[in-house]
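What follows is one structure encoded as structure tokens, with my remarks underneath.
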Amino acid sequence: MCRFIDWAAACAAMMLVFAADAAPRFPGVGRPATPAEIQAWDIDVRPDFKGLPAGSGSVAQGQKIWDEKCASCHGTFGESNEVFTPLVGGTTAEDVKAGRVKALVTGDVARTTLMKVSTLSTLWDYIHRAMPWNAPKSLPVDEVYAVLAYLLNLGDILPADFVLSDRNIAEAQQRLPNRNGMTRDHGLWDINGKPDVANTACMKDCPVEAGVASELPDHAQGSHGNLAEQQRTVGAVRKAAVADDGPPALARRNACLSCHAIDKKLVGPAFRDVAAKYKGQAGMEAKLVEKLRHGGSGAWGPVPMPANPGLPEKDARVLVQWVLSGGL
Amino acid sequence: MSVCGRLKRAPEHFLDSKQIADVQAGRRDFLRGALAAAVAGVAAPAIAADGAGDPAILELPEHTRGLGQPVVARAYGQPSQFERNLQRRESPGLTRVGQSSVSFAPLQGLFGIITPNALHFERHHQGWWDIDPSRHRLMVMGMVKDAKVYTMEDLMRLPAVSRMHFIECGANTGMEWGNVAVPTVQYTHGMLSCCEFTGVKLSTLLDDCGFDRKKGKFVLAEGADGSSLTRTIAMERALDDVMVAWAMNGEMLRPENGYPLRLVAPGLQGVSWVKWLRRIEVGDQPWATKDEAIHYVDLMPDGTHRQYTSIQECKSVITSPSGGQHLLDNGFYNVTGLAWSGRGRIRRVDVSTDGGRNWRTARLEGSPQPKCLTRFNIDWVWDGSPAVLQSRAIDETGYVQPKINQLRAVRGKRSIYHNNAIQSWKVAQSGEVSNVQVY
């Protein structure tokens, strides 16, 4: 038996539910999504493989698609660093066993995709949604399996006769070299997370290590173009005073100063020594211009002067005159 | 010294270091010659030789004596022809494909806290599109009672909000983890912008679809571009202040910034602000998408990667004077910069001119908004001796912006992401300002 008060409360609750159903907050705004629409767009695949469509593809099939649609950017072996960072490399049979990529600890190689990825679903999902680069979403499901199988084969993670499918992808996951390499134990996911470091707001006579720990190296001075042209022409502080077209800037821009210094020998001879040796010699300017542009060896020891095919002759002439003038 | 005061209008980029030294020593006569030699049209004329005064005053210019342009000469306005130097720029060598690249905002020349729409930084993953808004749809589905489709007309009928927020790429300042690598604030900090965004709160849409409040712990946001970029957002963030926005700074979004619809995820790194937003899915687990499982993961010294590092911690930078600029003369300067925190409001900014030994508290402009840029200013009289300028922000949680060596002690040098260290600018005796690390 229900007491009256319980009945009244239940009735009120039911009325609220009905009221919510009967009067949506935004009548006339939006409409139900159809099952076909949801299917067309719901393409994500999660680490637990929820969302993964059934299908399969072999390493051999994958190689064919790879050579046709993937190799031009990623290289025949997924190793290319030309267009994107390399996909393959840096993992070992030991890593496959351990689930941790050792080279990430030592840090002595550039990171590849197979060194980083810890969830196979990520690769399946991404190839399916965004590859090939210029025709995303054009690979049928079976081809996605095949390309992924071939990629994992290139990384010595799957054998050459493997056929990857929705039924065995969880096994392949267990061979990913970095499957145990991710952590969420940090303070940057939750807004109330604990920061890594706690600086103090010292105001007076604060402890500071002496000197400048790092500054832009000479060879990088011209790497971002003429900085003067990247500043407003009026205002409190102004353009850098360094002219961009003078010989020192030219030398920096063309990375001359990576190997040469003005007054001391680095990899190549000091400019001052070059000037002392050749100054006033007939025809030497033309010879050195030739050498700057096409390279040379023998005059200053075993390290050859590399060719600089991109260096215009007029710039080479300016540089040579500058070095020979001794007006350093 | 000239009777007409400071010759700050001199085109000092035509001066060599000796001439600058002359200026600083008070020897300015030669400037007339330097100016006469200047070929560029931007230079203001010199003081008349007879000392009567500035020709900019004495000789009335054409714009004072003639008839100007009519209205609508430019139906959609453009900046002055003299502002061409301030542009978005790529950092040479950083990326090799323009469709998957980044352009940096010219912070060195911006004022206040708003980034002009045309100078907002760009980051695309597979190229940008100018999408017809009449054909754009947003679908909300997954763990919801009613999966729904919204047109732009639908969304723009809903209760709208306008809020100012910063957006910063997680890789901003990422080139400087190991050492100084780039010359100016445009390249060190330019993956940062701030706009007033207008849109509907994501919580409004989630409520409208009846999302599963008990089991729905995460939201997936997906773009309509070729990359269909996806990111997982924690439900707590989604229900707090995340917006589905169609406008920035009073006009519709720019195509490069997601026209006609993007996610605005205040305090979270830029990659979570999915552009050309087409779908929101509610789920009970994170998705480990490419841009949260392979990229945007922070490499730690022990070889593990941190995943879902999303919050942009408190940070600041002096934008003027900054690297690549030049102080021509001793004397007064307004040192100015930007501060921000993904955890809330900026409480305070301190500035040092001696490389971090002594600090003074800067003035904050206006009342700081949560997860929004805050502009700071402080007076400085430069005595002409070498200086190192630094700024240090403190947010409302009490967190103090760290030094790079403090961050490195925990995170090493290989992380790429989330470098919120104190920035140092060295002012040389010549007045040249350059990027250095001092701690």
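Quick note: the coordinates plus some simple rules give every number you see, no bench work behind them. Note that this is a predicted model, so its numbers are computed, not measured. Every residue, glycine among them, receives a Cβ derived from its backbone with ideal geometry; neighbour counts consider all protein chains shown.
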When the expected Rg is taken as 2.2 N^0.38 Å, what fraction or multiple of it is the alpha-carbon Rg of chain A?
1.62
Pairs of alpha-carbon atoms within less than 8 angstrom and 6+ residues apart define the contacts here; what relative contact order does the range A:56-173 have, in percent?
39
I need to check one value: relative contact order of chain B, counting alpha carbon pairs closer than 8 Å and at least 6 residues apart, in percent.
15
Counting Lys and Arg as +1 and Asp and Glu as -1, each charge on the Cβ, what is the dipole of chain A about the Cα centre in debye, to the nearest 20?
900
Over the alpha carbons of the protein assembly as shown, what is the largest minus smallest coordinate on each principal axis, giving the biggest first in Å?
107, 64, 57
Can you show me the helix-derived [θ] at 222 nm for the protein assembly as shown, built from DSSP H runs with n ≥ 4 at -39,500 (n - 2.57) apiece and divided by the number of residues, rounded to the nearest 500.
-6000 deg cm²/dmol
Here the percent of antiparallel bridges among DSSP beta bridges lying wholly in the protein assembly as shown, to the nearest 5, is 90
Relative contact order of the range B:216-315, please, whole-number percent, based on alpha carbon pairs below 8 angstrom and at least 6 residues apart.
31
Can you tell which of A:262, A:157, A:65 shows the greatest fluctuation in a Gaussian network model of chain A with Cα springs below 10 Å?
A:262
Cα gyration tensor shape for the range A:56-173, rounded if a/c is under 1.5, else prolate or oblate:
oblate
Here the tail fraction of P(r) beyond 17 Å, over all Cα-Cα pairs of the range A:167-227, rounds in percent to 76
Classify the range A:104-255: rounded, prolate or oblate, from the alpha-carbon gyration tensor (a ≥ b ≥ c, eigenvalue square roots; a/c under 1.5 rounded; otherwise prolate if a/b is larger than b/c)?
prolate
Per-pair calculated FRET efficiency, R0 = 41 Å: residue B:162 and residue A:36 via Cβ, rounded to 0.05:
0.70
Could you tell me which of rounded, prolate or oblate describes chain B, using a ≥ b ≥ c as the square roots of the eigenvalues of the alpha-carbon gyration tensor, with rounded for a/c under 1.5 and, failing that, prolate when a/b is larger than b/c and oblate otherwise?
prolate
